[in-house]
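The values are calculated or read from the model by the stated rules, or taken from the named source; none is laboratory data. Small disclaimer: the values here were computed from a predicted structure and weren't measured. Here Cβ is always computed from backbone atoms with ideal geometry, including for glycine, and neighbour counts include all displayed protein chains.
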Amino acid sequence: MSAQRPAGHPLLVIIDPTARVVDGESVRIAKDVLCAGSPSVKIALPESEEEADRAVAHRGRRHTVVIGDDGALLRAVRALHREGALGETPVGLVPVGPRSALSLARALGVPAEAVPAARAVLDGADRALDLLIDDSGGIVIGALRIPFRGGGAVIDADAEADGHHWWTPVERTARSLVRTLTAPIPALPGLSSRDGHAAGQRLRVEADGILLTDLDHPVHEVSVRTGLDGLAEVVIRHPDDDEGPTRVRAQSITVSGRDFLYRADAGTAGPVRIRTWTVRPAAWRLTVPRQ
């Protein structure tokens with residue numbers, strides 16, 4: 001469901017430091033459009049996650065707008081969630097960054113170019129979106145994945161193990177090299193793990209209390225994606241399943257196993273032995289173009 005926003009609302013514009021380095025011209029254009037279309041704009045230029053959190057905490061009645069990539073959007077959403085204000089204020093995004101770091105923005109329907117995205121912030125509509133919240137207080141606004149990476153390790157060049165690392169512009173320029181050097185070598189068809197079973201990790205997966213797979217059936221990947229109807233799509237892939245993956249829709253999912261890691265949006269978290277994710281319907285609002 002979308003609702004038209006009132007025109008001319010005051011804005012807090014958080015400009016991610018990497019965006020300023022990667023594409024300063026797009027940042028300047030977006031800032032000019034936002035300043036011209038809003039009666040009051042407060043610009044924040046954080047150099048750390050702590051500074052960005054403080055800017056969000058002191059936004060007052062301003063709507064939060066992020067100029068940056070998927071990671072910058074996630075940090076703003078998490079900051080609002082931590083202070084219990086995520087459902088109270090819409091979030092706007094002007095995507096600026098490498099294409100590989102903007103997949104979530106594309107999936108959420110945010111315009112790819114700076115000018116249309118900035119205009120959508122000013123004249124668009126607020127779309128209510130679901131998210132996943134886990135039993136440790138973490139949130140997922142896009143997709144959750146538990147992939148098999150040879151022994152269960154997941155190597156992530158974008159975040160530390162807790163999924164909240166703030167990368168400096170210099171660090172982020174090396175991400176593609178880090179991914180290349182640390183990328184796992186995929187197993188060839190027919191190969192088995194060292195214990196004689198097909199490549200996979202042993203996980204117990206339950207959806208709304210119903211057992212989908214147990215520890216005696218190796219899992220190649222578990223993925224969970226939110227929708228717009230209060231349910232998440234759960235997909236389980238087995239390395240030796242010729243009939244295709246298991247697919248269900250559920251309001252909660254519990255995964256347990258031996259020290260597994262998982263990808264939550266752009267970050268890696270864990271290891272944990274059990275985690276439950278629950279869908280929170282219409283938990284946050286994103287400004288998108290009117291249709």
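Among the residues of the range 203-244, the ones that are out of contact with any Gly (no Cβ under 9 Å at 6 or more places or on another chain) and under 15 Å from Ala143 (Cβ atoms) come to 10 in all. Looking at the range 232-266 only, could you name the residues that are under 17 Å from the mean Cα position of the chain (by Cα), within 21 Å of Ala107 (Cβ to Cβ) and buried (at least 18 other Cβ atoms within 10 Å of the Cβ)? Answer for the range 232-266, where residues must be under 17 Å from the mean Cα position of the chain (by Cα), within 21 Å of Ala107 (Cβ to Cβ) and buried (at least 18 other Cβ atoms within 10 Å of the Cβ): Ala232, Val234, Tyr262, Arg263, Ala264, Asp265, Ala266.
Residues are listed down the side, and each one gets a yes or a no for (1) crowded, with 22+ Cβ neighbours inside 10 Å; (2) within 15 Å of Ile67 (Cβ to Cβ); (3) out of contact with any Leu (no Cβ under 6 Å at 6 or more places or on another chain); (4) modelled with pLDDT of 95 or more:
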| site | (1), (2), (3), (4) |
| --- | --- |
| Glu83 | no, no, yes, no |
| Gly87 | no, no, yes, no |
| Val94 | yes, yes, yes, yes |
| Gly97 | yes, yes, yes, no |
| Ser100 | no, no, yes, no |
| Val110 | yes, yes, no, yes |
| Pro116 | no, yes, yes, yes |
| Val121 | yes, yes, yes, yes |
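Only residues that are free of Cβ contacts under 8 Å to residues at least 60 places away in the same chain and either assigned to a strand (DSSP E or B) or acidic (Asp, Glu) (or both) were counted across the range 91-105, and they come to 1. Being crowded, with 16+ Cβ neighbours inside 10 Å and in contact (Cβ under 8 Å) with a residue 24 or more places away in the chain holds for only one residue in Ile15, Ile43, and it is Ile15.
Here's the yes/no breakdown for (1) polar (S, T, N, Q); (2) at pLDDT below 95; (3) closer than 30 Å to Arg82 by Cβ; (4) not assigned by TED's automatic domain parsing to the domain that holds Ala52:
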| site | (1), (2), (3), (4) |
| --- | --- |
| Phe148 | no, yes, no, yes |
| Asp158 | no, yes, yes, yes |
| Thr168 | yes, yes, yes, yes |
| Ser176 | yes, yes, no, yes |
| His197 | no, yes, no, yes |
| Val205 | no, no, yes, yes |
| Leu212 | no, no, no, yes |
| His217 | no, yes, no, yes |
| Gly230 | no, yes, yes, yes |
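In the range 54-72, the residues that are assigned by TED's automatic domain parsing to the domain that holds Val91 and assigned to a strand (DSSP E or B) reach residues that are of a type in the set (Lys, Arg) and modelled with pLDDT of 95 or more with C-beta atoms within less than 8 angstrom, at least six apart or across chains, in these pairs: Ile67/Lys31.
Within the range 272-291, which residues are in a strand (DSSP E or B), surrounded by fewer than 19 Cβ atoms within 10 Å (Cβ to Cβ) and touching a Lys or Arg at 6+ places or on another chain (Cβ under 9 Å)? Answer for the range 272-291, where residues must be in a strand (DSSP E or B), surrounded by fewer than 19 Cβ atoms within 10 Å (Cβ to Cβ) and touching a Lys or Arg at 6+ places or on another chain (Cβ under 9 Å): Arg273, Ile274. Evaluation of Gly60 against the conditions (1) surrounded by fewer than 24 Cβ atoms within 10 Å (Cβ to Cβ); (2) at negative phi shows that the sole unmet condition is (2).
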